[in-house]
Amino acid sequence: MTSISALNYIHKPGLFGNYLNKKEKNLLKVSEIKNLLIVQIAQYKNSSIKFENYKIDNLNLKNEPLSISCNNDTRILWNGPKNWLLVSTKKNLLKSIMEIFKETDFAVTDLSHSRAIIELEGQEVKEVLKKGCPFNFEILDKNKCVNSSFNGIAFTIDMIDNDPNKIRLFCLRSFGESLYHSITDASLEFGYEAK
């Protein structure tokens, strides 16, 4: 059985919106990211284990708002107090995560097939997000993350880079199509290339 991505039938390559007479480097880039391992790790309230002692892919868990631990393959996003979202290109990492985090102290949930992931890249990314999200994007910088909503759709923002701005948006798979349409509609003003 093959899996079908959340945006398989709606994300089509091409140029859209106000793209005429603009250089390609000045257009926003919109793409769907597929085949990532996404795992939520939450420490139980009654657990007395120190999470700082745990490492995944040589990365520590941070319990600081907006923080991310990352390397070339794996990003660990702070998702709330003692709650993290791990995103990795290493699919085999799940087995070691299940071994490291004992079920008596942690809840580990594989969310890989329950999320839609939209990647935006370009100078106007924050302006697009400001159209539907109440967060103050002036404080969002490289390797920071935030949970918020866009036009009423809950999502997680992962700021991958800031030169140019590059972000990933994670939402529930069932809201993926609505979020995609909202984001691409907000991008029309600037012109975008769907990759």
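The values are calculated or read from the model by the stated rules, or taken from the named source; none is laboratory data. On a predicted model such as this, the values are computed, not experimentally measured, just so you know. Cβ atoms come from the backbone with ideal geometry, glycine included; neighbour counts cover every protein chain shown.
Structure notes:
- Which numbered condition residue 42 misses (of (1) assigned to a loop (DSSP other than H, G, I, E, B); (2) in the same structural domain as residue 105 (by TED's automatic domain parsing); (3) closer than 22 Å to residue 147 by Cα): (1)
Yes/no matrix, rows are residues, columns are (1) at pLDDT 95 or above; (2) touching an Asp or Glu at 6+ places or on another chain (Cβ under 9 Å):
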site: 157; (1), (2): yes, no
site: 163; (1), (2): no, no
site: 168; (1), (2): yes, yes
site: 171; (1), (2): yes, no
site: 177; (1), (2): yes, no
site: 183; (1), (2): yes, no
site: 189; (1), (2): yes, yes
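- Conditions (1) assigned by TED's automatic domain parsing to the domain that holds residue 125; (2) in a loop (DSSP other than H, G, I, E, B); (3) exposed (fewer than 11 other Cβ atoms within 10 Å of the Cβ); number of the one not met by residue 25: (2)
- Among the criteria (1) crowded, with 17+ Cβ neighbours inside 10 Å; (2) within 17 Å of the chain's Cα centre (by Cα); (3) not aliphatic (A, V, I, L, M), the one residue 35 does not fulfil is (1).
- Some residue of the stretch 123-135 being at pLDDT below 95 and not in a loop (DSSP other than H, G, I, E, B): no
- Qualifying residue in the stretch 161-177 (condition: part of a helix (DSSP H, G or I), farther than 24 Å from residue 88 by Cβ, in contact (Cβ under 8 Å) with a residue 40 or more places away in the chain and out of contact with any helix residue (DSSP H, G or I) (no Cβ under 6 Å at 6 or more places or on another chain)): yes
- Summed over the stretch 99-124, residues that are over 14 Å from the mean Cα position of the chain (by Cα) and of a type in the set (Val, Ile, Thr) total 4.
- From the options 165, 147, residue that is within 26 Å of residue 4 (Cα to Cα) and either crowded, with 20+ Cβ neighbours inside 10 Å or within 17 Å of the chain's Cα centre (by Cα) (or both): 147
- Scanning the stretch 104-129 for residues that are surrounded by 14 or more Cβ atoms within 10 Å (Cβ to Cβ), more than 23 Å from residue 5 (Cα to Cα) and among the polar types (S, T, N, Q) yields one hit, 123.
- The set of residues from the stretch 56-75 being aliphatic (A, V, I, L, M) and in contact (Cβ under 8 Å) with a residue 24 or more places away in the chain comprises 56, 66, 68.
- Subset tally (residues that are in a loop (DSSP other than H, G, I, E, B) and touching a strand residue (DSSP E or B) at 6+ places or on another chain (Cβ under 6 Å)) for the stretch 72-91: 3
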